[in-house]
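Colleague: Structure incoming, see below.
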Amino acid sequence: MISGNDTVNEALIKAKSKKVYIEGNFVKILKGSLSAEVVTYISDCKEKDKQSRRKRLDVTKQVQLQNSELAEASVIKETLVLELQNALDDAEKLRDEAVEDLDIMQKRTQFELIGLIVKVALIIIVGVGITTTLLYSIAMLSDKDTTLLATAWSNLFGILLTNSFSIIGTIMGVKYATENK
């Protein structure tokens, strides 16, 4: 219990001038004083204390409410992040499948083109070979001099064979060079 009137008077002066009041258990210590001014001061202190506690409680409730809202928002955010990650993974899988399908289509197209080139080259080679052989055979059957024609026929077949192997080798080289291993 505070017995000094100076202390009580100092508290009264602070309350009037600076609007500062004693709070909490300290108010209980001043109950022993019977002065009307002190009793009024104590009731003011109690009222101010109740108001400040009420404000703190309101602020605490508001903070708790905001914390629960933030927790809910965090859960929603995490759910959205997981959904986005799953969508991204699905999109990447689809992209990889599309790239693989495109690669297969390109290889099939290249293979068909190579097959066509080989067929045309073989047809030309066989056609020139047959034509040259027919001309050489006709010349031999008609008892003409085939010395010059035999040399041309031999050279022509050598050139055709060389070119055919060159074409096929180039095509195979391009085919194996473009494969991914």
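The values are calculated or read from the model by the stated rules, or taken from the named source; none is laboratory data. Keep in mind that what you see is a predicted model, and the values were worked out from it rather than measured. We place every Cβ from the backbone using ideal geometry, glycine too, and count neighbours over all the protein chains shown.
Colleague: Of all residues in segment 139-153, which are in a helix (DSSP H, G or I) and loosely packed, with under 12 Cβ neighbours inside 10 Å?
Modeller: Answer for segment 139-153, where residues must be in a helix (DSSP H, G or I) and loosely packed, with under 12 Cβ neighbours inside 10 Å: Leu141, Thr147, Leu148, Thr151.
Colleague: Quick one: is Ile123 assigned to a helix (DSSP H, G or I) and loosely packed, with under 11 Cβ neighbours inside 10 Å?
Modeller: yes
Conditions tested, residue by residue: (1) modelled with pLDDT under 85; (2) on the phi > 0 side of the Ramachandran plot.
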residue: Leu84; (1), (2): no, no
residue: Lys93; (1), (2): no, no
residue: Ala98; (1), (2): no, no
residue: Val118; (1), (2): yes, no
residue: Ala121; (1), (2): yes, no
residue: Thr132; (1), (2): yes, no
residue: Ile138; (1), (2): no, no
residue: Asp143; (1), (2): yes, yes
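Colleague: Right, here's the next one. Working carefully through the options Ser52, Ser17, find the one that is loosely packed, with under 10 Cβ neighbours inside 10 Å, part of a helix (DSSP H, G or I) and either at pLDDT 70 or above or touching a strand residue (DSSP E or B) at 6+ places or on another chain (Cβ under 9 Å) (or both).
Modeller: On inspection, the qualifying residue turns out to be Ser17.
Colleague: Shifting gears a bit: Which pairs do you get when a residue that is within 26 Å of Val20 (Cα to Cα), found in segment 47-70, comes within reach of a residue that is surrounded by 10 or more Cβ atoms within 10 Å (Cβ to Cβ) and not aliphatic (A, V, I, L, M), reach meaning Cβ atoms under 6 angstrom, with the pair 6+ apart or on two chains?
Modeller: Every condition considered, the pairs that remain are Lys48/Tyr21; Asp49/Glu23.
Colleague: Taking the criterion of being among the aliphatic types (A, V, I, L, M), more than 30 Å from Leu102 (Cβ to Cβ) and surrounded by 12 or more Cβ atoms within 10 Å (Cβ to Cβ), would at least one residue in segment 161-175 satisfy it? Lay out the reasoning, then the answer.
Modeller: Of segment 161-175, the ones among the aliphatic types (A, V, I, L, M) are 161, 167-168, 171-172, 174.
Okay, now just the ones that are also more than 30 Å from Leu102 (Cβ to Cβ), so 161.
Imposing the further condition that a residue be surrounded by 12 or more Cβ atoms within 10 Å (Cβ to Cβ) reduces the set to 161.
Scanning segment 161-175 turns up at least one residue that is among the aliphatic types (A, V, I, L, M), more than 30 Å from Leu102 (Cβ to Cβ) and surrounded by 12 or more Cβ atoms within 10 Å (Cβ to Cβ).
Colleague: Separate question: So which residues in segment 113-136 are within 24 Å of Trp153 (Cβ to Cβ) and under 58 Å from the mean Cα position of the chain (by Cα), if there are any at all?
Modeller: Hits for segment 113-136 are Val120, Ala121, Leu122, Ile123, Ile124, Ile125, Val126.
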